[in-house]
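Each remark here refers to the structure printed beneath this line.
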Amino acid sequence: MKLISFDRLNEGERALVEAAERVRENAYNPYSHFYVGAALLGQDGRIITGANVENASYGLTICAERSALAAANATGVRMLESIALSTRAEESDTEEPTMPCGACLQFLVEFGQISGRDIQIVSATTRRDQIRVATVSEILTLSFGPKDLGVDITRYQR
């Protein structure tokens with residue numbers, strides 16, 4: 001994992017972070033007041049976004065990453081390159097880039113295996129001064145996915 005500034009990202013990575021920033025403000029977060037936007041880059045060049053959606057029975061909350069993955073799947077995009085996240089805390093002085101939770105990483109493993117890629121994660125805050133860049137396998141080592149179950153993933157590649 002590396003920490004870099006926004007200006008060190010390539011043009012495509014910057015565009016993905018900006019898409020995540022725009023959708024971040026659509027977060028439904030009455031409990032945590034933590035805004036998260038996610039933007040996925042499909043191998044076909046499409047960008048699909050999602051924001052976190054909280055729920056009064058906390059366990060039913062949907063993270064922005066899984067929201068974007070569900071939207072991508074619903075539009076027929078399963079072949080992915082990367083994901084960018086943008087986070088904003090309503091009442092915090094110390095903003096650090098947040099990486100996906102375990103459940104979101106597991107979803108990214110699934111789609112990464114289908115895509116034949118170790119999906120890159122780019123995570124930024126509103127300040128853009130410290131951006132974390134890592135791959136799913138750097139964060140979730142020894143992951144488990146459809147290939148481990150002998151699933152023929154080629155039939156799910158779109």
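Just tell me the longest site-free run in the chain, where the sites are GluC sites (Glu not before Pro) in a DSSP loop having at most 11 other beta-carbon atoms within 10 Å.
Maximal segment without exposed cleavage sites: 92-158.
Give me the three principal axis extents of region 43-158 from the C-alpha atoms, as integers in angstrom, largest value leading.
Each principal axis gives a Cα extent; for region 43-158 these are 47, 32, 29 Å.
So for the pair Thr141, Glu95, with labels modelled 7 Å out along Cα→Cβ, what separation do we get in nm?
Taking the simple label geometry, Thr141 and Glu95 are separated by 3.2 nm.
If I model a spin label at Asn26 and Arg155 as a point 7 Å from the Cα along the Cα→Cβ vector, what separation in nanometres do I get?
With each label placed 7 Å out from Cα toward Cβ, I get 3.3 nm.
Please sort 27-33, 42-48 by packing, taking for each peptide the average over its residues of neighbouring beta carbons within 10 angstrom, highest first.
Going by the mean number of other Cβ atoms within 10 Å, highest first, we get 42-48, 27-33.
Going 7 Å from the Cα of Asn10 toward and past its Cβ, which residues in region 113-132 have a backbone nitrogen under 13 Å from where you end up?
Residues 120 fall inside that zone.
Run the simple label-point estimate for Asp44 and Leu3 please: 7 Å along Cα→C-beta, distance reported in nm.
Reported label-point gap for Asp44 and Leu3 is 3.9 nm.
Throughout, read-outs are computed from the coordinates displayed, never taken from laboratory work. For clarity, every value in this text was computed on a predicted model and none was experimentally measured. Neighbour counts run over all protein chains shown; Cβ positions are idealised from the backbone, glycine included.
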